Amino acid sequence: MSAVKLTKNDLKRQKDQLRQFERYLPTLQLKKQQLQTVIRSSVTELQEIERRFFAMIDGLDNWVAVFAENTFFEEEKKIERLIVPDKVVCVRENIAGVSVPVFRELTFRDIVYDVADYPLWADEALVRLREISACDALLKTLRKKVELLNEELRLTSQRVNLFEKVKIPEARENIRKIEIYLGDQQTSAVVRGKIAKKKRQGAAT
């Protein structure tokens, strides 16, 4: 904190700063509220997707018997080799000034295989495994989104606290000190002026 100069110029500067702080604070508070609202809804969505993901995993219990056949396939023909994720497709969305990823889809490499090499359940198994992989990619994207929003909320909360608890009270206190000092100076000047006037009047008589 720089030392306060007890001058009219510094008084004006302090008042200008106070106006800026008081004008900017509501914007920060609104941003904080928006972030808190979006984070709550994103966390709710994340929890719902997590439930869906684990339900998909649990649903594979019914496939244990048929998946056991996978162990008998040649290594290059294992079912999991037919599922090769290519890329996660996301778009960017601006939320309260934060650029966050929004999941669109998970693409897979095109892998050609001979259906004659696999039992009938293989096609449905591939669909299930792709769904699980896509859901996992969605979860990771949502977690990243929540992480970015939480970080921005932390920074915004720090700024709100800085303005509310430091900058605005500091500016008001500086203004009070300068106004008291300038008021005292003005009073002293008036008193000195009256004394000087009386001395002049006394000298003239």
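The values are calculated or read from the model by the stated rules, or taken from the named source; none is laboratory data. Treat the numbers as computed from the prediction; the structure is a model and nothing was measured. Every residue, glycine among them, receives a Cβ derived from its backbone with ideal geometry; neighbour counts consider all protein chains shown.
Tabulated results
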read-out: Cβ pairs under 6 Å, 6+ apart, first in region 1-15 and modelled with pLDDT of 90 or more, second among the polar types (S, T, N, Q); value: Gln14/Asn174
read-out: Qualifying position, being over 30 Å from Leu28 (Cα atoms), touching a residue at least 40 places away in the same chain (Cβ under 8 Å) and surrounded by fewer than 11 Cβ atoms within 10 Å (Cβ to Cβ), among Asp117, Asp110, Asp86; value: Asp117
read-out: Qualifying residue in region 93-103 (condition: over 40 Å from the mean Cα position of the chain (by Cα), among the hydroxyl-bearing types (Ser, Thr, Tyr) and not in a helix (DSSP H, G or I)); value: no
read-out: Counted residues, region 1-45 - those being out of contact with any Lys or Arg (no Cβ under 8 Å at 6 or more places or on another chain), not basic (Lys, Arg) and not in a helix (DSSP H, G or I); value: 4
read-out: Filtered residues of region 124-156 (kept if surrounded by fewer than 19 Cβ atoms within 10 Å (Cβ to Cβ), under 10 Å from the mean Cα position of the chain (by Cα) and not charged (D, E, K, R)); value: Val146, Leu148, Asn150, Leu155
read-out: For Glu45: the one exception among (1) modelled with pLDDT under 95; (2) within 30 Å of the chain's Cα centre (by Cα); (3) surrounded by 12 or more Cβ atoms within 10 Å (Cβ to Cβ); value: (1)
read-out: Cβ-Cβ under 7 Å pairs, at least 6 apart or on other chains, region 19-32 side of a type in the set (Lys, Arg), far side loosely packed, with under 13 Cβ neighbours inside 10 Å; value: Lys31/Gly97
